[in-house]
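Structure record follows, encoded as structure tokens.
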Amino acid sequence: MTLSQWAQKGRSDSLTETVLGLVIVGAVLMVAVQSKNVTSFGRASAAGSGGKVTAIRRAIIGQESAGNFKAVNPHSGALGYGQVMPENVPSWTKEALGRSLTTDEFLADPKIQIKVIDFKLNQYYQEGLKKSGGDEEVAVRWVASTWYSGQGKWWNDTTPQFYNGHPYPSINDYTASVFVKYQQEKK
């Protein structure tokens, strides 16, 4: 099964994919336990959306890297588990961790990737809830759109997307797929 097929399917069938999923879940739990006193992690939990943010992260990861912390997109240079754009790494790590990291430092540390991703997803989710008047589907798709395009308000845009001449799903298709995965992750 190709990465694209796995991401579209959204669930693992093979033993290897299942074990990878369990390893990722274990890493997330370890980070949660080790990070309980970290301000950025606490904010997600304190907001009452920690479980939803985790489900959003897992849905987006299923769409992006399928759990590969070392992934680098050959077209955009997007990095790691959440396929973070390289230009965002210094400011996002400064905001989430209190210190700016290089792209190499970010890519080398799965725990940091999860902390930074959760920090940004929580910000986007809170913004999406406000913008949508509390509509969970629109809020989750707002998060996915912001993650994918930088603009939450484009969550239902059907325009085909291209990066450096390479086709990518429309923002509407991307956010709809993330929302389906999110619903599955909440179960």
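The values are calculated or read from the model by the stated rules, or taken from the named source; none is laboratory data. These numbers were taken from a predicted model, which means no experiment stands behind them. Reconstructed Cβ throughout: ideal geometry from the backbone, glycine too, with neighbour counts over all protein chains shown.
Tell me whether segment 94-103 contains one or more residues that are touching a Leu at 6+ places or on another chain (Cβ under 9 Å) and surrounded by 20 or more Cβ atoms within 10 Å (Cβ to Cβ). No, every residue in segment 94-103 fails to be touching a Leu at 6+ places or on another chain (Cβ under 9 Å) and surrounded by 20 or more Cβ atoms within 10 Å (Cβ to Cβ). Within segment 74-84, if we keep just the residues that are crowded, with 16+ Cβ neighbours inside 10 Å and of a type outside the set (Ser, Thr, Tyr), the residue that is nearest to the chain's Cα centre (by Cα) turns out to be Gly82.
Yes/no matrix, rows are residues, columns are (1) within 18 Å of Met85 (Cβ to Cβ); (2) touching a helix residue (DSSP H, G or I) at 6+ places or on another chain (Cβ under 6 Å); (3) polar (S, T, N, Q); (4) at pLDDT 95 or above:
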{"site": "Asp135", "(1), (2), (3), (4)": "no, no, no, yes"}
{"site": "Val143", "(1), (2), (3), (4)": "yes, yes, no, yes"}
{"site": "Thr146", "(1), (2), (3), (4)": "yes, yes, yes, yes"}
{"site": "Trp154", "(1), (2), (3), (4)": "yes, yes, no, no"}
{"site": "Pro160", "(1), (2), (3), (4)": "no, no, no, no"}
{"site": "Pro169", "(1), (2), (3), (4)": "yes, no, no, no"}
{"site": "Phe179", "(1), (2), (3), (4)": "no, yes, no, yes"}
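Within segment 85-133, if we keep just the residues that are small (Gly, Ala, Ser) and assigned to a helix (DSSP H, G or I), the residue that is farthest from the chain's Cα centre (by Cα) turns out to be Ser132.
One residue alone among Gln151, Gln184 is surrounded by fewer than 16 Cβ atoms within 10 Å (Cβ to Cβ) and free of Cβ contacts under 8 Å to residues at least 60 places away in the same chain, and that residue is Gln151.
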